[in-house]
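Only the coordinates and a few stated rules stand behind these numbers; no lab work does. This is a predicted model, so every value here is computed, not measured. Virtual Cβ from ideal backbone geometry, glycine too; neighbours counted across all protein chains shown.
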Amino acid sequence: MNRKTVSYWLQASRPRAFPLAAACIGMGGVLAYNAGDMKPVVLGLAILTAVLLQLLSNLANDLGDFKKGADSDDRLGPSRTVQMGLISPGSMKRAIWVVGVLSFFSGLALIIAAHPGLYVFLGFLTLGLLAIWAAIQYTLGKRAYGYHGLGDFFVFIFFGWVGVLGTFFLQTQAGSWSLLLPASSCGFFAVAVLNINNVRDIPSDRAAGKNTLAVYLGPMGSRWYHLVLLACGLGAAGVYTIIEPGGNWFFMGMLPFCIRIGYLLFRYRDPKKIDPLLREMAFISLLFVVLFGLGYVI
C-alpha cells in the first residue's frame with residue numbers, strides 16, 4: 001500500500017470524529033473513578049471499541065451517501081473518497097466488513113474483561129450488536145435512518161446513555177438514575193457535532209432526499225436547535241452537580257467555547273467556513289469530559 005493509498009483511507013476514516021467517540025467513554029471512566037471502582041483494562045477496551053465503531057460509521061457513511069447520491073459533485077461539504085473515485089465501492093465494502101468484525105471482537109473482549117454474569121453478558125452483547133447495526137445503518141441500507149431525521153436520536157442514545165452508562169456499569173457493576181444527567185450532557189454535545197455537519201449540508205442533503213433533522217428545521221431553525229443542545233448539555237451537568245455530593249463546576253470553563261461556536265454558526269453561511277466548526281465542537285465535547293473529571297481529581 002503506497003503513501004497515497006494510505007492518505008485516502010485516512011481521509012475516509014475521518015479521525016477528527018474519534019475524540020467524540022472517546023468522550024462518552026471518558027465520562028464513564030470519570031464517574032467510575034469517582035465511585036472508587038475504575039478499571040483501566042475495561043476502560044481501555046471500551047475506548048478501543050468506541051473508536052472502531054466510529055470508524056465503522058464513517059466508512060459506512062462514505063459508501064452509503066455515495067450510493068444514495070448525497071455525495072454528488074454538488075455536495076457543499078468535503079467530498080468523500082468513494083464519490084471522488086479514490087477508493088472503489090468494493091474496497092470500501094470489504095473495509096466495512098473488516099472493521100465490523102474487529103468492532104465485534106473488541107466489544108466481546110470488553111464484556112469478558114468486565115466479568116459480568118450471564119444475563120448481563122447477553123444484555124451487553126445485544127447492545128454491542130445494536131451498536132454495530134446503528135453504525136452501519138445511519139446512511140447504508142434501504143432504510144437508512146439518517147435519511148429520515150433519526151440520526152440525532154441514535155447519536156444521543158449511543159454517544160450519551162449507552163456509552164456513558166455502559167462504561168460505568170462494566171467497571172462498577174452498579175448504576176444510579178442520577179448518572180443519566182452527565183450521560184445526557186455527553187449525548188447533547190455529540191448531537192451538536194452531528195448538527196453542525198447537517199447544517200453545513202442542508203442544500204445538498206435536501207436535493208439528495210436526505211432528510212436530516214437540520215433539513216426539516218431549516219437553516220435558522222437548526223441553528224437555534226444547536227443553542228438548545230448546548231444549553232441542555234450544560235444544564236444537565238449543572239443539575240447533576242447540584243444534586244450529587246462532591247459535585248464541581250469546573251466544566252463551566254467550556255462556556256466561552258460554547259458561546260463562540262454558537263455565534264460562529266449563526267454568522268457563517270459558507271459551508272467551507274462551517275466545516276472547521278465540526279472539529280471545534282468535537283473538541284468541546286472532549287473538553288467537557290476533561291474539565292468534569294478534573295473537578296474530582298483536584
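Among the trypsin sites (Lys or Arg not before Pro) in the stretch 200-282, those placed in a DSSP loop whose Cβ has at most 12 other Cβ atoms within 10 Å are ARG269. Under a straight-distance cross-link criterion of Cα-Cα below 20 Å, which aspartates and glutamates are reachable from LYS67, leaving out those fewer than 8 residues away in the same chain? Of all the aspartates and glutamates, those that pass the test against LYS67 - Cα under 20 Å, at least 8 places apart if same chain - are ASP201, ASP205. By Kyte-Doolittle mean hydropathy of at least -1.0 and Cα axial length of at least 20 Å, which whole DSSP H helices of the chain are selected? For the chain, where a helix must reach 20 Å along its axis and average at least -1.0, the hits are 18-34, 40-68, 89-113, 118-137, 180-200, 213-243, 276-297.
With R₀ set to 30 Å, the beta-carbon distance separating ILE112 from TYR296 gives a calculated FRET efficiency near 0.60. For the chain, the alpha-carbon radius of gyration amounts to 0.98 times the rule-of-thumb value 2.2 N^0.38 Å expected for a compact globular protein. Length, then width, then depth: along the principal axes, the Cα atoms of the stretch 135-248 run 50, 30, 15 Å.
Taken about its Cα centre, the stretch 3-297 carries a charge dipole of about 800 debye when Lys and Arg each add +1 at the Cβ and Asp and Glu each add -1 at the Cβ. For the stretch 3-297, the residue among ALA207, LEU140, GLY85 whose Cα projects farthest onto the positive side of the dipole built from Cβ charges is GLY85. Annotation for the stretch 119-173 versus the stretch 195-260: alpha-carbon center distance of 20 Å. Counting only DSSP H runs of at least 4 residues, each contributing -39500 (n - 2.57), and dividing by the residue count of the chain, the helix-based mean residue ellipticity at 222 nm comes to -24500 deg cm²/dmol.
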